[in-house]
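Worksheet for the structure shown next.
Quick note: the coordinates plus some simple rules give every number you see, no bench work behind them. Predicted, not measured: the structure shown is a model, and the values here were computed from it. Positions of Cβ are generated from backbone atoms using ideal geometry, with glycine treated the same way; all protein chains shown enter the neighbour counts.
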Amino acid sequence: MNLGIGIGQKLGGRYQIVSLLGAGGFGMTFVAEDQHLPGDNQCVVKQLKPQATDPITLQTARRLFDTEAKMLHQLGKHGQIPQLFAYFEENKEFYLVQELIEGGDLSQEFTPSTRLEEAEAIALLQDVLEILEFVHQQNVIHRDINPRNLIRRKKDGKLVLIDFGAVKQISTQVINGGNSSLTIAIGTPGYRPSEQANGNPRLSSDIYAVGILGIQALTGCLPTQLPTDPDTGEISWRNQASISPELANVLDKMVRYDFRQRYQSATEALQALKDLSTTTSATVALPVASPPKLVVAKPKSRPILYKAVLAISVIGIGIAASVATVNWIRSANATDLYNRGETFLALKHYEDALDAYNRAVEIRPDYAEAWQGQGDTFLGLQRYEEALNAYDRAIQLRPDDLEAWTSRGQVLDNLQRYEGAIASFDAALEIQPDYFDAWINRGNVQIKLQQYSEAIASFDKALSIEPNASLAWNRRGWALHNLQRYEEAVSSYDKAVEFKPDSAPSWYQRGNALINLQRNQDAVDSYQKAVQFQPNFYKAWYSLGSALSNLQRYDRAIAAYDQTLKFKPNDYEAWYGRGWAHHQLKRYREAIASYDKALQFQPKNAQAWYNRGNALYNQQRYNDAIASYRQAVALQPSHHEAWYSRGNALFNVERYKDAVAAYDQALRYKQDYREAIDARNRAQSQLEAARSEQKAQEQESRDQEEEKSSDDDN
């Protein structure tokens, strides 16, 4: 970092530094004043400083800097993206000069005590997606959408999207001397999906980040506080917000773990939100009921035997003896009730168990085991606050109760109070450092906090105690999986299935790790094991179909997709994959039928309409193909391939003028699209030839009319 840049210094001969906005590994960001313009003309100056200054690095940096500055200039044409005023090089450092946006960012609005109403959240999401739609139409992925990069502009209250990830990518390459990969992982943890963390961002990666914003606005929870399903990676959040199922479904699709299952562009996501206005007006979101308060059952009357014994004691033995007898009977009754509760709990007759435990602690308030049983029952009933109260009573009575501390941690885990859960597990481990259950539960919570390295350490501790614990090996594999350490993840899954060969989830996750390693055949073998041990495991069947498609074994892929649909008939991805496999086998009629089913469940999926159009095109059903391509580009205007294919279909039905217009649209979104350029030239030639022929025919017709008129005159 150039520490010589200070307040009052002038950069580029005109931008005088007013204040420092921030500093990082790529350089510094300043507020500056443009001295070449009259009045108060403040702007933002961003410095991008290479660490290496050799000629090759600087040449690479200049090329990248020039390309990305042009992109920022294009994006700045949108009213809610800062304009790029200038870019320049000075002393082997690079500078961007952008519009200064006055206002506060969304992190100031998103507080734990603030939750947006459904209508407010929809409006927020639409505002962000409308900006993002323009960004995506320029074939740009932002890569770092989060509350700090969305500023509420002071002058009009509109959101402005700042700090494009593309610039960060340049700066990273420039810093490292041009040696970095073009797929560097960029973004903010919590808002960054797995494929982006792995260096492979897509348009739908931005959709994920916007979905997380929406969930955060509705729940008041930070992304790191949202639990995920340990087997699927999907986020669990619905119980934190009172909203319509329709909006919840849209948000769930935006934040799918698998990028293929999300909306594929801002246009698709925006349309889904707009569709809500016609479906949610009559929907009333019911508030989540608070858990009922603990009611301790009071016996209506003492048992007859109890009264009889008490009377005998008072008359025959005296007061001291009677007190001893009462205590003995009370203890015996409490123990009997506790044992009864344990039996009902084992049978999962929770209400009967709760009644027995309640009566036991009513008789003996210091009965720690009964409080523990009451907590276990509330846990089974998912009445977590009441379970927590019961475990706290048990711990007050027996501070060294391992099971109570561990169960308390599990309750806090379910309440998404993860730091408290870890503290409870740590308390158990202070009592008994080799307590397996505490270590494995601790690791599970650390995964939810995205503390994957720490989770691995916890699972390693658990495995040092029980080396053949399949579950611990599985969870360790999932933590490695999330760190993109796929080879190590496969090794952990191997140990999981070694000790539990019929563990379908372990075989399934092993297959997913192998897919990421592009070891498709090994993945196929793993998925086959998963469905062998759990035949209705539709996710494993779908993944098996995808892996077989990757291997171009399309007939077997279709069979796997059919199994998926047997157990989940409305699975869009399976219908789409089935259509694609038939398509590759040139079974166009079957492909179209499958695409039609896919579109029945997701009618606004541009890619499915595009592929359907291609299948129709291959059947020479050009007018039907044109209609399908029209749907694709209506849903995703920047889909250059759909525009190109639509042009080809129009060409084949000799609608040359419309074909030229379609090719122009393809070139609008991909200027170097060679096939579209060549096709446009051919269509233009045909159009001109047709016009010439028409003119010749019109002239010939006029000549004939004149000749006829002349004959009539003679």
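In this label model, LEU517 and ASP494 are separated by 0.7 nm, measuring between points 7 Å along each Cα→Cβ vector. Between ALA559 and THR224, the C-beta separation translates, for a Förster distance of 51 Å, into a calculated FRET efficiency of about 0.80.
Using the Karplus relation 6.51 cos²θ - 1.76 cosθ + 1.60 with θ = phi - 60°, the per-residue 3J(HN,Hα) values for region 656-662 come to 5, 5, 5, 4, 4, 4, 5 Hz, with x marking Gly and Pro.
Taking the C-alpha atoms only, the angle from helix 245-254 to the longest principal axis of the chain is near 70 degrees.
Kirkwood hydrodynamic radius computed over region 103-276 comes to 16.4 Å, based on all pairs of distinct alpha carbons. Full extension of the chain between LYS566 and ASN239 yields a length gain of 114.7 nm, computed as 0.36 nm times the residue separation minus the alpha carbon distance. Each pair of Cα atoms in the chain enters the Kirkwood radius, and Stokes-Einstein at 20 °C and 1.002 mPa s then converts it into a translational diffusion coefficient of 70 µm²/s.
Convex hull volume of the Cα atoms of region 619-714, normalised per residue: 111 Å³. Using the Cβ-Cβ distance between ALA689 and ASP127 with R0 set to 45 Å, the FRET efficiency from 1/(1 + (r/R0)^6) comes to roughly 0.35. Scaling the Cα radius of gyration of region 535-685 by the globular reference 2.2 N^0.38 Å produces a ratio of 1.13. Sorted fewest first by neighbouring Cβ atoms within 10 angstrom, THR57, THR343, THR377 come out as THR343, THR57, THR377.
Counted over region 1-116 with a bin width of 5 Å, the fraction of Cα pairs per bin, in whole percents, is 2, 10, 18, 20, 19, 14, 8, 4, 3, 1, 0. Which shape class applies to region 552-614: rounded if a/c is under 1.5, otherwise prolate when a/b exceeds b/c and oblate if not, where a ≥ b ≥ c are the square roots of the Cα gyration tensor eigenvalues? Since a/c reaches 1.5 but b/c is at least a/b, the shape of region 552-614 is classed as oblate. Residue separation of HIS349 and LYS158 scaled by 0.36 nm, minus their Cα-Cα distance, works out to 63.2 nm of gained length.
Highest mean first, the peptides 388-394, 81-87, 619-625, 698-704 sorted by other C-beta atoms within 10 Å per residue fall in the order 388-394, 81-87, 619-625, 698-704. Count Lys and Arg as plus one, Asp and Glu as minus one, and take only other residues whose Cβ is under 12 Å from that of SER594; the net charge is then 0.
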